[in-house]
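Below: one structure, written as structure tokens.
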Amino acid sequence: MPRLDAAALQHAGIERLVVSFRRRSWFASKDEEDDLRKKIETIWPDRIAPFCRNLRAIGFIGEDVGVAAAPLRREVDPIDLTLIELLRRFKPDVYEIVARNSVVLTGGESWLRGGGYHYEEERKTLLKHLGDDLVKAAEDEAQLAHIRAILGELFPRFAKGENFTWSACPKRKENVEDDNRISDSGMFPAYFRYELPSAIFSTVELETFIQKGMQAASEMERHDLFLDELHSMEKVL
């Protein structure tokens, strides 16, 4: 079998990832599928291609994304899920580093309560430790640049502290409404545990609830439906 060039590998890889999500009933419409395809195409050359240089690697990441997507259907950002699974597959040591650095990467609540100065000092210390760990985990300077670019794509806070070259600058803009992103401290654990935090109401469950409400035969039935759903939720203490 002839060796595939970069363009052919990119096409094969993009379609393999889209199929992985499609098999998990991820898309509510054809437009959503096409939109994801375009987003993967945008990041493929600089983010995914350095780790997927053959069909075997593409097969691995396709399978990994499919497994991760199954319990998280439509609950998380598919690009973020793809990139974190890319690290888990090809750089598991970096994956572990990311998993234990939620505070500095997401800006989540600090365990220090000494005011802004102490928090800033703590943040600088954590950033330095993170940078040192990434240097140790990378095989060389080129791979370190790829890893940092991926983290910049995943975490806007990390990107702001980096002096990226043009190709390494994040391809996606931060959106305050993207509360399903890995950069959201509340959603961060879902990307590693493959389940939503108990305090977050599932998007799929919400869609099902709305559909049931629209199909209800009367206002009383909708009222009962609402109470049943409310009572089924866990109490947050």
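Quick look at the numbers
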read-out	value
Residues located in region 120-146, provided they are among the aliphatic types (A, V, I, L, M) and in contact with a helix residue (DSSP H, G or I) (Cβ under 8 Å, 6 or more places away or on another chain)	Leu126, Leu127, Leu130, Leu134, Val135, Ala137, Ala138, Leu144
Looking only at region 46-63, and only at residues there that are without any contact (Cβ under 8 Å) to a residue 40 or more places away in the chain and closer than 18 Å to His146 by Cβ, the one that is surrounded by the most Cβ atoms within 10 Å (Cβ to Cβ)	Ile48
Selection from region 179-191 of residues that are over 17 Å from Glu153 (Cα atoms) and surrounded by fewer than 20 Cβ atoms within 10 Å (Cβ to Cβ)	Gly186, Pro189
When residues of region 122-132 are limited to those that are surrounded by fewer than 17 Cβ atoms within 10 Å (Cβ to Cβ) and within 21 Å of the chain's Cα centre (by Cα), the one farthest from Leu105 (Cα to Cα)	Gly131
3 or more residues within 24 Å of Leu127 (Cα to Cα) and among the aliphatic types (A, V, I, L, M): qualifying helices (runs of 4 or more DSSP H) within region 1-109	78-90, 92-99, 102-106
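Results for (1) more than 13 Å from the chain's Cα centre (by Cα); (2) assigned by TED's automatic domain parsing to the domain that holds Arg89; (3) of a type outside the set (A, V, I, L, M, F, W, C); (4) over 15 Å from Ser20 (Cα atoms), shown as yes or no for each residue.
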| site | (1), (2), (3), (4) |
| --- | --- |
| Glu41 | yes, yes, yes, yes |
| Trp44 | yes, yes, no, yes |
| Ala49 | yes, yes, no, yes |
| Ile58 | yes, yes, no, no |
| Gly62 | yes, yes, yes, no |
| Ala68 | no, yes, no, no |
| Pro71 | yes, yes, yes, no |
| Arg74 | no, yes, yes, no |
| Pro78 | no, yes, yes, no |
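The values are calculated or read from the model by the stated rules, or taken from the named source; none is laboratory data. Worth saying up front: this structure is predicted, and the values here are computed from it rather than measured. Note that each Cβ is placed from the backbone with ideal geometry, even for glycine, and that neighbours are counted across all protein chains shown.
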